[in-house]
1. In degrees, nearest 10, range 0 to 90: what is the angle between the Cα axis of helix 205-223 and the longest Cα principal axis of the chain?
2. Once every DSSP H run of n ≥ 4 in the chain is given -39500 (n - 2.57) and the sum is divided by its residues, what mean residue ellipticity at 222 nm do you get, rounded to the nearest 500 deg cm²/dmol?
3. Over segment 1-148, what is the mean sequence separation of C-alpha contacts under 8 Å (at least six apart), divided by residue count, expressed as relative contact order in percent?
4. Sorted by accessible area with a 1.4 angstrom probe, largest first, how do Val162, Val86 fall?
5. Excluding Leu145 itself, calculate the net charge of residues whose Cβ lies under 14 Å from the Cβ of Leu145, where each Lys or Arg counts +1 and each Asp or Glu counts -1.
6. What FRET efficiency comes out for the pair Asn185/Asp132, r = Cβ-Cβ distance, R0 = 30 Å, nearest 0.05?
7. Taking H placed 1.01 Å from N in the peptide plane, check which residues at least 5 places from Ser19 or on another chain put their amide H under 5 Å from its amide H.
8. Determine ³J(HN,Hα), in whole Hz, for all residues of segment 14-21 in sequence, where each value follows from phi through the Karplus function 6.51 cos²θ - 1.76 cosθ + 1.60 and θ = phi - 60°; x replaces Gly and Pro.
Amino acid sequence: MALAGNLRQDDQSVYVLHSYPFKETSLVVELFSQQFGRVAAVAKGARRPRSAMRGMLQSFQLLTGTWSGKNELKTLHSLDWAHGLVNLQGEALMCGFYMNELLLRLLPREDAHEALFEYYQTTLNTLSKSNDLATHLRRFELKLLQELGYAVPLIADEHGEVISANKQYRYEAEIGARALHVTQNGVQVSGSTLLDMANDHYENSFTQSQSKQLMRYLLAHYLGDKPLHTRQLLIDLQGF
C-alpha cells in the first residue's frame, strides 16, 4: 500500500540505489528507505566539486536522509553516515549492484517494505563476508518477489497437492508447479528443488543449478522485455 508523503521526513534510514544527473549541477537520487520504500529526491548542487552531499552518495552504506515534498520527486536536504560500514569488492560488489537494479525495476515508489529493507541490509552484510554469493542472490530474489506480493508457491502444486520430492514439474509464473503433460510453458524443475527452496536449503548442487534457472525465468517474466544490465555482467563473470 502506497504511503502518503508528508511535507518533510527527517533522519530516515536509507540506502542509495542509484543517482543520475539532473539539470546542470544536481542529481536525482533513488533511495531505498525503511519507512517509505523507494523514494526519488533531487540533491541540489550535488554535482559541484565542493558539495557536502556529493561524498555521501555511496551505495551499500546505511545512511540517514532528510527530504521534503508532496510530489513524487522530493527535495533531498541531507545525508549522514549511520552505524557500520559494508565493504563489497569484486564479484560481491557486482552482486550488490544487481540487487540495487532489481529494486529499482520492481519496487514501486513510496511503497513501504520494512521486512525487505532489513533483508537487503542483512544480505549486503552477508555478501561482504561469504564466498557463496550465488546462494545469497537466490535467497534475495525469492524474498523480493514474495515481499512484493508475487505468488511463488513451493510446497504445493497448482491444485494444492503437496509437492513430491521424486516428481518432475513444469513451473509456470503466476500458476506454480504443474504436471509435465499439462503445459510446455515455464521451466522444468524437480520437486526436490522446490522443497529445498521452501526450506532455504541450497547445499545440493542440483538445487543450486535448478533454482538459478527458475529464478531467472520468474524475474524475466516480471521484468518484461528490458533485460537487467548487471545480470548479464554476472553471467559473464561466473554464471550467477
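The values are calculated or read from the model by the stated rules, or taken from the named source; none is laboratory data. Here the structure is a predicted model, which is why all the values come from computation and not from measurement. For neighbour counting, all protein chains shown are included, and Cβ atoms are generated from backbone atoms with ideal geometry for every residue, glycine included. Just the protein is used for accessible areas: all its heavy atoms, side chains included, with ligands, DNA and RNA removed. Shrake-Rupley method; radii C 1.70, N 1.55, O 1.52, S 1.80 Å.
1. 60
2. Computed ellipticity for the chain at 222 nm equals -11000 deg cm²/dmol.
3. Relative contact order of segment 1-148: 25 percent.
4. Val162, Val86
5. With Lys, Arg at +1 and Asp, Glu at -1, the net is +2.
6. It comes to 0.45.
7. For Ser19, the qualifying residues are Glu30.
8. So the Karplus estimates, Gly and Pro as x, are 9, 10, 8, 8, 5, 9, 8, x Hz.
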